[in-house]
Amino acid sequence: MSRPARPGTPRALAVSSLAVLLGACDGPQSALVAAGHEAERLVTLFWWMLGGAALIWTVVIGLAVYAVHVHPEQHPEREARLLIVGGGVVFPVVVLAALLAWGLRLMPELRTEAPADALRIEIAGERWWWRVRYVPSDGEPFELANELRLPVGRPAELVLTSPDVIHSFWVPSIAGKLDMIPGRVTRMTIEPTRRGLFRGACAEYCGGSHALMALWVSVVEPAEFDTWAAAQRQPARAIDGRGPEVFLWSGCGACHTVRGTAADGRMGPDLTHVGSRLSLAAATLPNDRDAFRRFVLDPRAIKPEAHMPAYAALGDEELDTLAEWLESLQ
Ligand code: CUA
């Protein structure tokens, strides 16, 4: 019977490193488990390159071992020169040229124009969250933050921008990454191929909370997407009580919009349906009352350099009222 590795021993280190390496291949943020057309092509490219690299490595190391063990007199000079020219010049040129040709052939497929019926979504990289605005051709636009809902099998055109610093939009399971550059508009067309929940992240260092700038992408059936989109267009539905009063009186409405109330700020995330979102603070916190409380009380303790000021002056009761109301914004 094999015993578990004792912590700190070389075996334990090897086991935990392997677990980390293999664990990274799976999960909602893996580029190796594709859930989109673009990601599928990238996975194919990756495995071919890895296979080729492994093959070449084996041959080169094999030759090196052979050269060390064989007596020098057994090497006729002519054969040795052929081997050097063949293996050192001809072989790499052929392999690299083939890879380049194949890579170039893939590129147009990864940068296709969006079809006319594609879902159009404008995403702005903010410090440090994602402003998401759906602009469907067949309905009213609506805005949310830090998550995407996509119908499976339907292409979506992502229109990427940033107001100040460079970010990079990356949902590895669905497509490759693309920079969001101030003063420019970059576009990518994606097509999710299976349902599920996938995680994306900012892939370009953008300041203090770069590592806390993630998002969730939920790929659902088209009918479920339509229901969700219809609900998102609606104004906020919330519990009765002093919530809106505390929200407006504290000045939250200067930066946040809650459709259906007087709050119509544009600086921060639209909070109209914040209670129904998959996470808070760009996938940094769970979506619950305690997380609302903690974030309002001291945002920078959770997201360094965040623009939102701390509301440490709010009393316990006001914080509770606010957190309860925000959580109820479904
Ligand atoms: Cu945004 Cu890194």
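Nothing in this text is a laboratory measurement; each read-out follows from the coordinates by a stated rule. Note that the structure is a prediction, hence the values are computed from the model and not measured. Reconstructed Cβ throughout: ideal geometry from the backbone, glycine too, with neighbour counts over all protein chains shown.
Here are a few things to note about the model shown:
- Subset of the range 272-311 that is within 20 Å of residue 201 (Cα to Cα) and among the hydroxyl-bearing types (Ser, Thr, Tyr) - its residue that is surrounded by the most Cβ atoms within 10 Å (Cβ to Cβ): 284
- Selected residue (criterion: surrounded by the most Cβ atoms within 10 Å (Cβ to Cβ)) from residues of the range 103-136 that are charged (D, E, K, R) and within 16 Å of the ligand (Cβ to nearest atom): 126
- Residues within the range 178-211 that are within 9 Å of the ligand (Cβ to nearest atom) and either under 19 Å from residue 43 (Cβ atoms) or touching a residue at least 12 places away in the same chain (Cβ under 8 Å) (or both), tallied: 9
- Identity of the residue in the range 242-271, part of a loop (DSSP other than H, G, I, E, B) and free of Cβ contacts under 8 Å to residues at least 12 places away in the same chain, that ends up surrounded by the fewest Cβ atoms within 10 Å (Cβ to Cβ): 266
- Selection count, the range 159-177, where residues are of a type outside the set (S, T, N, Q), over 8 Å from the mean Cα position of the chain (by Cα), more than 9 Å from the ligand (Cβ to nearest atom) and buried (at least 24 other Cβ atoms within 10 Å of the Cβ): 2
- Inclusion of residue 329 among residues that are in a helix (DSSP H, G or I), in contact with a helix residue (DSSP H, G or I) (Cβ under 7 Å, 6 or more places away or on another chain), buried (at least 18 other Cβ atoms within 10 Å of the Cβ) and of a type outside the set (Val, Ile, Thr) is not warranted.
- Among (1) over 18 Å from residue 270 (Cβ atoms); (2) in contact (Cβ under 8 Å) with a residue 24 or more places away in the chain; (3) more than 12 Å from the ligand (Cβ to nearest atom) - the single one residue 147 does not satisfy: (1)
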